Structure formats: C-alpha cells, structure tokens
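Data first, discussion second: the structure below is written as structure tokens.
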Amino acid sequence: MVDIQVASHLRSRRLFLFLLAATIVIVLLMMHPWFLDSWFLRRSRPTYGAWGAPVVWDDTVDYDKAKRQFPKKSVTVGLITVATGKYFEYVHDFLKTAEERFMPTQKVTYFVFTDGSKKVPELPLKKNRAVSVISLKENLSKDAQMTKMEMINKLVLRKNENLNYVFCMNIDSKFVGKFGVEAVDDLVGTLHPGFYWKNRFSFPYETNAESKAYVAPTEGEMYFTGGLFGGSRDSILKLTETCAKNRAEDEKSGVEAAWHDEGYLNRYFVDHAPTRILSPEYCFPEDYWYMPWVKYKRVVAGLKDLSGGHDTLYSNTTMAKTIATNK
C-alpha cells in the first residue's frame, strides 16, 4: 500500500514538473517577437485590396490578358533608380538583370541618378532600350537640396513627356524572375515584405500627428514598401509632387517621418488607393529565407550592404551633402 502511494506521489510530482516546464516554454515563446507578430497574422493570402485592386501573384495573374492589353512595343516605360555614393556599386548588376527580365517586350529607358564621381558601365542593350544617366553634380547647384521624390519629379518626369509608365526602384535590387506588363497600371504599389502577412495593427505607419505622413489608427488597409512603386507618368508626377511637398512642409516644421519617403508614400496611398498591387514576389529581401505564400521570386531586394546603411539613401539632406562634397 505504501509503495502504491509513493508511486502515485512520484507520478503527480513528475506531472507537475512537466506542466511547469511546458508553461515556462509557452511563456517564453509568447515573448518572442515572431509569436507576438503571429497574433496579427492575416488568415489568408491577400489577393485584392479592400477597394478592389488586384494583387499580382504568379499563380493568379493572367499573363496572356496582360500581353493583349499592352501589345509588343506599344508603350514606353521608364525605370528610375538612385545610385549615389557607395550605392553606385549596385549599378552593374541592376542594369544587367533588368535587361534580362524587366519589360522584355516594351521600349524601356533606364534613368540612373549618380553623384557624377563615376561613369555608369556600358552594357549591351536590346533594341529600343537606353540608359539615361543624370548627374546630380551637373544638375544641382552647390547649396541646392533635393529629395528623391523631387529628383524623380523635376529631373525625369517633367523632362520626358514621351514616357507612358514609370517604375521607381531601389538600386540595391536585382531581377531574378518575370517583371512584365502584368505589373503595369495607372498607380502601382508593392506590398511590404515584412508586413503583407500581418494586419493593420502591426503596420509602421507614421504615428506623429504633426507630420504630413501621419496615418490615423482608423486609416490604412495595406502597408507598401518605398523600394518599388510606379504607374502612369501623370499619376507618378502627382504622387512625387505631393510627397515632396509634404516632406518639405514637415522639414520647415522641424518634423521628419520615421520611415522617410516610405512614410509619405503610404500616406499618399491611403488617400489615393493603388489600382494595382504587386505582391512581395517583386520585393523579396535577400536575407529572408521564407515568406508566407511567396513561391516565386521576381526581384531580390536589400542586397548585401555596400553603402554604409540605409540612412545614407533616405535622409532628407543626403542629396545636398552628396553634391556638396563633390563640388
């Protein structure tokens, strides 16, 4: 009888210790950022915005329909990127892979902003494709300040009325899959690879109500990356003008959005919903080994940092400093 009681006591003690250990493990897991993020996980893959705009995934897009809508060589597309300072190291691979994958059936002009210190490498281009190098050293005076949105607006869009559509893309990217007319529309945003699988509560919208980039808690449906956006020339003219104006007003007030141009871009997309949404296939971070629902990669972004950090690209005064040091 005593042996039975001892055995029962040992079993109870073991069960208690097991439950205690399990509880500790669960608590530790709940404290992990991934677990906390999972509370905000979307329960299904986003295929449409709440306003009806389609999200482009490889297994949902109708490539044949897109080709019929934009026959071969029917439009002129501009691809705009900034390659100042150490970011210039990305130019070769960016242009080389773009020639292989970007809008293969259309007329394309690559617009590359540089600080004028190095020559853009000459690469073999297909017919009806060209590279236009815009030296900020030559286009801006010594004391001039111009943000990325201003540069795109004033030095590309206003000077190239022949463009039908444009895409603006970070230089630390390379094309690894199809990027064609399936991505073309009047106003195009790209789902941020770090937040597309979460819901509104985890989006890093601007929270400073004094900023022109501020997005109220009751606003916003999707969060978009600043690394890739596009649309018709007229739409991007309006977008870049508005974002540049809002950023300039914030600067006068001593305010700057936490995520810089991306913050102003998301404010704009709240007010002017994109007509087409690109999935994270178009912006797959190099250091991500997995992203929910992404089975096909089109663009690998955030390549190994050669630049000294992203602040050198996104800060308000970067362009002015870059030019001043090269004058």
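For residues in segment 217-234 being open to solvent by 20 Å² or more (accessible area, probe 1.4 Å) and either in a loop (DSSP other than H, G, I, E, B) or at pLDDT below 95 (or both), which is nearest to residue 46 (Cα to Cα)?
The residue in question is 221.
Results for (1) surrounded by 10 or more Cβ atoms within 10 Å (Cβ to Cβ); (2) modelled with pLDDT of 90 or more; (3) more than 30 Å from residue 275 (Cβ to Cβ), shown as yes or no for each residue.
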{"site": "1", "(1), (2), (3)": "no, no, yes"}
{"site": "10", "(1), (2), (3)": "yes, no, yes"}
{"site": "16", "(1), (2), (3)": "yes, no, yes"}
{"site": "22", "(1), (2), (3)": "yes, no, yes"}
{"site": "54", "(1), (2), (3)": "yes, yes, no"}
{"site": "60", "(1), (2), (3)": "yes, yes, no"}
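Out of everything in segment 83-102 that is hydrophobic (A, V, I, L, M, F, W, C) and open to solvent by less than 10 Å² (accessible area, probe 1.4 Å), what residue ends up being farthest from residue 302 (Cα to Cα)?
Result: 102.
Report the residue count in segment 163-197 for those that are over 16 Å from the mean Cα position of the chain (by Cα) and farther than 17 Å from residue 56 by Cα.
3
Does segment 244-251 contain any residue that is under 30 Å from residue 70 (Cβ atoms) and touching a residue at least 24 places away in the same chain (Cβ under 8 Å)?
The answer is yes; a qualifying residue exists.
Scanning segment 88-124 for residues that are over 24 Å from the mean Cα position of the chain (by Cα) and among the small types (Gly, Ala, Ser), which turns out nearest to residue 68 (Cα to Cα)?
Checking each candidate, the answer is 116.
Only one of these conditions is not met by residue 247: (1) at negative phi; (2) in a loop (DSSP other than H, G, I, E, B). Which number is it?
Single failed check for residue 247: (2).
Report yes if some residue within segment 151-162 is in contact with a strand residue (DSSP E or B) (Cβ under 8 Å, 6 or more places away or on another chain), in a loop (DSSP other than H, G, I, E, B) and closer than 18 Å to residue 228 by Cα; otherwise report no.
Among the residues of segment 151-162, at least one is in contact with a strand residue (DSSP E or B) (Cβ under 8 Å, 6 or more places away or on another chain), in a loop (DSSP other than H, G, I, E, B) and closer than 18 Å to residue 228 by Cα, which makes the answer yes.
Which one of 244, 209, 213, 258 is closer than 25 Å to residue 145 by Cβ and either open to solvent by 20 Å² or more (accessible area, probe 1.4 Å) or of a type in the set (Phe, Trp, Tyr) (or both)?
Being closer than 25 Å to residue 145 by Cβ and either open to solvent by 20 Å² or more (accessible area, probe 1.4 Å) or of a type in the set (Phe, Trp, Tyr) (or both) holds for just one of 244, 209, 213, 258, which is 258.
Let's see how each residue does on (1) more than 23 Å from residue 185 (Cα to Cα); (2) modelled with pLDDT of 95 or more:
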| site | (1), (2) |
| --- | --- |
| 63 | no, no |
| 76 | no, yes |
| 108 | no, yes |
| 116 | yes, no |
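From the list 182, 241, pick out the single residue that is more than 30 Å from residue 297 (Cα to Cα), touching a helix residue (DSSP H, G or I) at 6+ places or on another chain (Cβ under 6 Å), acidic (Asp, Glu) and modelled with pLDDT of 95 or more.
Exactly one residue qualifies, and that residue is 241.
May I ask you to list the residues in segment 136-157 that are of a type outside the set (A, V, I, L, M, F, W, C) and farther than 19 Å from residue 246 by Cα?
Result: 137, 138, 139, 141, 142, 143.
Do we have any residue at all in segment 125-132 that's among the hydrophobic types (A, V, I, L, M, F, W, C), within 20 Å of residue 172 (Cβ to Cβ) and under 27 Å from the mean Cα position of the chain (by Cα)?
Yes, there is a match, as at least one residue in segment 125-132 is among the hydrophobic types (A, V, I, L, M, F, W, C), within 20 Å of residue 172 (Cβ to Cβ) and under 27 Å from the mean Cα position of the chain (by Cα).
The values are calculated or read from the model by the stated rules, or taken from the named source; none is laboratory data. Here the structure is a predicted model, which is why all the values come from computation and not from measurement. Glycine gets a Cβ as well: all are built from the backbone with ideal geometry, and neighbour counts include every protein chain shown. With ligands, DNA and RNA removed, areas are computed over all heavy atoms of the protein, side chains included. Shrake-Rupley method; radii C 1.70, N 1.55, O 1.52, S 1.80 Å.
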